[in-house]
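Q: Next up is a structure, given as C-alpha cells.
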Amino acid sequence: MQNKIAIVYDFDGTLTPKTMQEYTIIPKLGIESKSFWGSITKESKSTGGELMMIYMRHLLDEAKKKNIKISKDIFHSMSNDIIYYYGVEGWFTNINKYIKSLSKNVEILHYIVSAGHLEILDGISIKKYIKKIFASEYFYDKKGHAVFPKIVVTDTTKTQYLFRINKGKERVSESINAHMPESKRPIPFHNIIYIGDGMTDVPSMALIKKEGGHSIAVYEKSQKKQVKICKELLNANRVDFIAQANYEKGSELFKRACLLLNYIVAKIEYNIELEKCRGTKNN
C-alpha cells in the first residue's frame, strides 16, 4: 500500500534566509563573501566548470592559505550558528500532528536535498525530524581533514535524489537505474511535495509536477527579486502555490501545505477503500 507522503525541502533560502555557508564556514575562515562568490562565478563562466565543484575547491584553498584544517567536527560544530525562518523548528511537529488528525493510515516523512554541506547539515537542530539528508560532501584523509569533493549536488542532480526517495533506494551506493513498476515504488511522485525558493529548484519542481506531484515556492517578503521569481514559477505552472517563508502554524504557507496534504491523503484513503471494496465477496 502506497500510504507514505514525503515532503522534500531545499535548505538554503528555503528553510533559512541565507545560505548555510554565510552563517558558518565563510565567517569561520574570515572570507569576504561578495568577492569570494564573485571569483567562483567568474571561474565558472570562463571555464564552464560546475559552480558547486569550484566553490568546494576554493573553500579548501582558502583554508590552506590560513593554515586551517577543515574536519567534520568543525563543520558539525558550526551548524549551531544557522538561523532559520520563523516557525521552522516547530513546523515538522505541526505537520506530523496534522497528518495524524487526517488519517491513521498515512505516514509522513521529511527529506532535505541540498547543494550545501552534508557535514554541516548533520549537526542542525532539526535533523531529528528528517528521514534522510542528501547534500554535497568532502572526502577526508586518515587525519580526518577534507581533501577534495566526494559528492557534489547541483540543481540538476537533485532530481536523482527525488528518484531515490520515490524508489526507496536511499543509499547513494544503490543503483536507481533498474526499472521499477510504479505500483512497487514506496513513495509515488504524486505523494511528494517539494518546497524550494527559486530558480535553482526548477529541475526538481518540474520533475515533481510532471509526475503528478506538488511543489511550493517560498520567498522572503523583503526580497523583491525573489518574490518576482516565485510569481514567475507560479505563472509557468512550476509550482502549485507560492507563500512567504513563514513556517508557523496558521501561516499562509502552513495552510497551503495542508491543502495539498488534504488532497494527497484523500487519494490514499480512496485507494485503501477501493481495495477493501474489491476484496469484498458478494453472495
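Q: Cα axis of helix 224-235 to longest principal axis of the chain: angle in degrees, 0 to 90, nearest 10?
A: Value to nearest ten degrees: 30.
Q: Next up: Once you place label points 7 Å from the Cα toward the Cβ at N262 and S71, how far apart are they in nm?
A: 5.2
Q: Here is a further query. Calculate how large, on average over all directions, the projected area of the Cα convex hull of region 82-184 is; give the answer in nm² to one decimal.
A: Spelled out: convex hull of the Cα atoms, projected over all directions, averaged, 9.0 nm².
Q: Picking from Y270, Y194, Y219, which is most flexible by a Gaussian network model of the chain using Cα springs under 10 Å?
A: Maximum among the listed residues: Y270.
Q: Given region 229-283, what whole percent of its Cα pairs are spread farther than 17 Å?
A: The calculated P(r) of region 229-283 puts 58 percent of pairs beyond 17 Å.
Q: Sticking with this one: Work out the FRET efficiency for S173 and Y140 from their Cβ-Cβ distance, taking R0 = 30 Å, and round it to the nearest 0.05.
A: Details: r = 18 Å, r/R0 = 0.59.
Taking R0 as 30 Å, the efficiency between S173 and Y140 is 0.95.
Q: Would any residue of region 5-42 have its amide N under 15 Å from a label point 7 Å out along Cα→Cβ of R57? List them or say none.
A: The answer is 39-42.
Q: Under the definition of Cα pairs under 8 Å and six or more residues apart, what whole-number percent is the relative contact order of region 1-134?
A: 38
Q: With the other protein chains left in place, how much accessible area per residue, in square angstrom, belongs to region 1-145 at a 1.4 angstrom probe?
A: Value for region 1-145: 49 Å² per residue.
Q: Same structure, new question: Note down the accessible area of M199, probe 1.4 Å, to the nearest 10 Å².
A: Per-residue accessible area (M199): approximately 110 Å².
Q: With the other protein chains left in place, how much accessible area per residue, in square angstrom, belongs to region 214-283 at a 1.4 angstrom probe?
A: Working: 4410 Å² over 70 residues.
Ligands and nucleic acids excluded, the figure is 63 Å² per residue.
Q: Using a simple spin-label model with points 7 Å from Cα along the Cα→Cβ vector, what separation in nm is obtained for I151 and K276?
A: With each label point 7 Å from Cα toward Cβ, the separation is 4.0 nm.
Q: Here's a follow-up. Which value, in nm² and rounded to one decimal, describes the direction-averaged projected area of the C-alpha convex hull of the chain?
A: Details: hull surface 69.9 nm².
Mean projected area for the chain: 17.5 nm², to one decimal.
Q: For helix 33-47, what angle does its Cα long axis make with the longest principal axis of the chain, in degrees from 0 to 90 and rounded to 10?
A: Approximately 80 degrees, to the nearest 10.
Q: Which of K45/K228; K210/K276; K4/K267; K127/K224; K158/K228 have a Cα-Cα distance over 20 Å?
A: Check vs 20 Å cut-off fails for K45/K228; K210/K276; K127/K224; K158/K228.
Q: While we're here: As a test of the definition: which semi-axes, in Å, follow for region 48-89 when you take the square root of five times each eigenvalue of its alpha carbon gyration tensor? Largest first, please.
A: So the equivalent ellipsoid measures 25, 17, 8 Å along its semi-axes.
Q: Among rounded, prolate and oblate, which fits region 167-254 when a ≥ b ≥ c are the square roots of the eigenvalues of its C-alpha gyration tensor, a/c under 1.5 means rounded, and a/b larger than b/c means prolate?
A: In terms of gyration-tensor shape, prolate.
Q: Starting from the alpha-carbon convex hull of region 112-268, give the projected area averaged over all orientations, in nm².
A: For region 112-268, the mean projected area of the Cα convex hull comes to 11.2 nm².
Q: State the percent of C-alpha pairs, over all pairs in region 169-215, separated by a distance greater than 15 angstrom.
A: 55
Q: Got the relative contact order for the chain handy, in percent, Cα pairs under 8 Å and 6 or more residues apart?
A: Across the chain, relative contact order equals 22 percent.
Q: In addition: Any idea of E43's accessible area? Nearest 10 Å², probe 1.4 Å.
A: 50
Q: To continue, here is another question. On C-alpha positions alone, give me the angle between the axis of helix 252-279 and the longest principal axis of the chain, in degrees, nearest 10.
A: Helix 252-279 and the main axis of the chain meet at about 40 degrees.
Q: Still on this structure, I have one more. Taking all protein chains in place and a 1.4 Å probe, what share, in percent, of the accessible surface of the chain do carbon and sulfur account for?
A: Answer for the chain is 52 percent, counting heavy atoms of protein chains only.
Q: Taking 0.36 nm per intervening residue step and subtracting the Cα-Cα distance, what contour gain separates K42 from M180 on full extension?
A: Working it through step by step, the gained length comes to 45.5 nm.
Q: Follow-up. If contacts are Cα pairs under 8 angstrom and at least 6 residues apart, what is the relative contact order of region 120-229 in percent? Write out the running numbers ahead of the final one.
A: Numbers: 119 pairs, mean separation 19.3, N = 110.
Computed over region 120-229, the figure is 18 percent.
The values are calculated or read from the model by the stated rules, or taken from the named source; none is laboratory data. Source: prediction; values computed, not measured. Counting neighbours? That spans all protein chains shown, and the Cβs are built from the backbone with ideal geometry, glycine included. Surface accessibility is based on the protein's heavy atoms, side chains included, excluding ligands, DNA and RNA. Shrake-Rupley method; radii C 1.70, N 1.55, O 1.52, S 1.80 Å.
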